[in-house]
Every structure is written in structure tokens, then in C-alpha cells.
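Below is one structure, written out as C-alpha cells, with a few remarks after it.
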Amino acid sequence: MNQRVRQSTGIPGLDPLLGGGLLPGTLTVVVGATGIGKSQFGVQFAAAGGEQDGRRGIFFDMNARGDAQNQDEYARRMFDWSLTRVDPGVKPQLNTLFSPDRDHGDYLHVFDYHGRRVTRRDLEWEQWKEWQAELNTKLSRAIEYVYGNLCAGVRRVVIDGIEPVGRPSDSIQLNLFEYIYHQVIHKDPEWVARDLFREKYRVNAEAIAEHTYDTKQVGCLLLYTSHEAMLEDLISRPLDEGDLLSGANTLIYFGKIREGVRISKAMYIAKHRGSACTDEIIPYTIDDNGISVA
């Protein structure tokens, strides 16, 4: 795919309002309260890769409280797409990583049990150590999952399940996201392979060189849950220096708006660097086929 070719969102009517779509090689963050349509956006974006990139996207779910996200249900209903889940507890199978018959899966829920707090300030020392131990045992599996899919031609990564916190720097989930985004998705593939293969790198160097890819063609969509439900509250929220939202290339708010005596859904493109985009409030609807712009 040419670097200037934008990635379609998969949402009818939205791409023209984004100057043609999302910019590959960048981070897009969609912010909104639970139930506003973020996961449907993620499924539509990932599914659009099948036609445009030749491969559908993958999901990295970091939800740690309650149930995992509903991508399974949405993908099956909207696209007759049965997601292949990856077991986060299985050790990486590096000897078959580049096999043409290898199924890398398209859904990884990295935390296999729920109800746990996700900020350092909420945790006792022993609980924090438990979190660290769990992440350390699963990190290689997460790297293998993302890297293996990118080597196989996937060009879209959807990261879901990020929960709101008072201080982003205290969030275990955001720390993990920063690692996956900077040290895997947009890191030179050779160096990702070095981190993953370690002492087996030299033995596999030839195969690694044959399966390189251009990180500038990989789009990352982060779905971020907010405390705010109303769109006007999201629009007025400040972006702190160094905050995840201020560092994103594209920032889209999903929220509720009042229309007389009715409450409806709308989105606002708060930022879309390197591109023209609409500055209007964009109403949208959700049905069995997903999101569409009114």
C-alpha cells in the first residue's frame, strides 16, 4: 500500500469527513463512555482491512474489570467473522512463527481474569507485584501475537479495554499500551525480532529478514473509555502536556447530545494532523450493521 493511501474507517459516510480516512503509521484514539459505540468502530475498522489491505485487523483487549469487550459478537453479526482467540498463557511458539500454515489469531485478551484495579495508587505492594509478574509472563506472548500478525500482512491493530484513570501515568493498562505501541507496533521489525527471539535470533535471522514490513503502513486504533458521557464535556476537557490524547495523530470523541427532548449520539473530530477534516458535530446511528454517519 502506498504511504499516502489512507486507511478506511469502515464507517459509511465518515471517511470523506476525515479527508479520505485515517493516516497509516499513526495513532488514532477514539474516546467515549461505555456503550457509546467504540467497539463497533474498532470492528468496522479492522474488517475494512480485508478489502483494502488484503488482511483484516487484529484486536488487543486489555480489559481487566468485568467481561471482555464484545468484538466477538459484533464481528459475527456485522461481518460473519468468527474471531480466533489466542490463549495469553501459552508460551510463544517461535519455531513455527513464519510458517505459512500458522494461524496467529486475531483476538488476544491479555488478562484472563477480572475485577482487578488497574492503577498503582489503588494497589497494595503485593498486588502491584502480582500485576507485574502476570504482565512479565504474558509480554512475550503479546509481542509474538502482534509481530507475527504484522509479518503475515496485517496492517491494522485495534487496542480496546482501556479504562479511565485520574492520572494516566499510574495506569497499568496505559503503561502496557505504551510498550506495545512504541516497542512493537512502530519499532523496526528487526529489533522487535531481537527482543522476541533473543538467543535464537541468529539462527532465525534469514527468515526474519524475509518477513520484514513497513511500520509506516500500520495503523493503530486505541479505544479509550471516558468518565464523560456527554459530547460537550469531552470537547471541553483539557489535554495535559504529554497526555496520551495530546500525542495522538487523530482524536475522535464519541458522546451524547441533546436534541430538544431527545438524547442522540454524535462524534467530533478534535484533531486530525496532516489532513483537512470537518469541524462539525457529526450525528451517527448504530444498528445491526454497525455505525453509520447520518
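Coordinate-derived values only; no laboratory data. Since this is a predicted model, take the numbers as computed values, not measurements. When we count neighbours, we look across all protein chains shown, and the Cβ atoms used for this are built from the backbone with ideal geometry, even at glycine.
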- Would you list Asp106, Asp233, Asp80 from fewest to most Cβ contacts within 10 Å? Asp80, Asp233, Asp106
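Using just the alpha carbons, could you tell me how many Å³ per residue the convex hull of segment 241-281 encloses?
Value for segment 241-281: 78 Å³ per residue.
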- In nm², the average projected area of the convex hull spanned by the Cα atoms of segment 190-294 is 11.0 nm²
- Query: Which angle from 0 to 90°, rounded to the nearest 10, does the C-alpha axis of helix 125-151 make with the longest principal axis of the chain?
  - Reply: 80 degrees
- Query: Which ordering of Thr26, Thr96 is given by a fewest-first count of other beta-carbon atoms within 10 Å?
  - Reply: Thr96, Thr26
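Which of Ser264, Ser39 comes first, and how do the rest follow, when ranked by fewest Cβ neighbours within 10 Å? Don't skip to the end; give the middle numbers.
Values: Ser264 14, Ser39 24.
Ordered from fewest to most neighbouring Cβ atoms within 10 Å, Ser264, Ser39 come out as Ser264, Ser39.
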- Message: Quick check on segment 15-293: of the DSSP beta bridges with both residues there, what percent are antiparallel, nearest 5%?
- Response: 40 percent
- Between beta-carbons, use under 15 Å as the cut-off and find the net charge around Ser264, counting Lys and Arg +1, Asp and Glu -1. 0
- For the Cα atoms of the chain, what angle does the longest principal axis make with the long axis of helix 38-52, in degrees from 0 to 90, nearest 10? 60 degrees
- Message: Below 8 Å between Cα atoms, with a sequence gap of 6+, how large is the relative contact order for segment 15-293 in percent?
- Response: 29 percent
- Message: Quick check: pseudo-label points 7 Å beyond the Cα along Cα→Cβ at Glu51 and Ser292, how many nm apart are they?
- Response: 1.3 nm
- Query: Could you give the radius of gyration (one decimal) and Dmax (whole number) of the Cα atoms in segment 15-293, in Å?
  - Reply: 18.9, 67
- Message: With Kirkwood's inverse mean 1/r over C-alpha pairs for Rh, give me the Rg to Rh ratio of segment 174-230, two decimals please.
- Response: 1.16
- Message: Can you pull out the trypsin sites (Lys or Arg not before Pro) in segment 202-294 whose DSSP state is coil and whose Cβ has at most 13 other Cβ atoms within 10 Å?
- Response: Arg202, Arg273
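For Ile281 and Asp243, calculate 0.36 nm times their separation in residues minus their Cα-Cα distance, and state this gained length in nm to one decimal.
Between Ile281 and Asp243, full extension yields an extra 11.3 nm.
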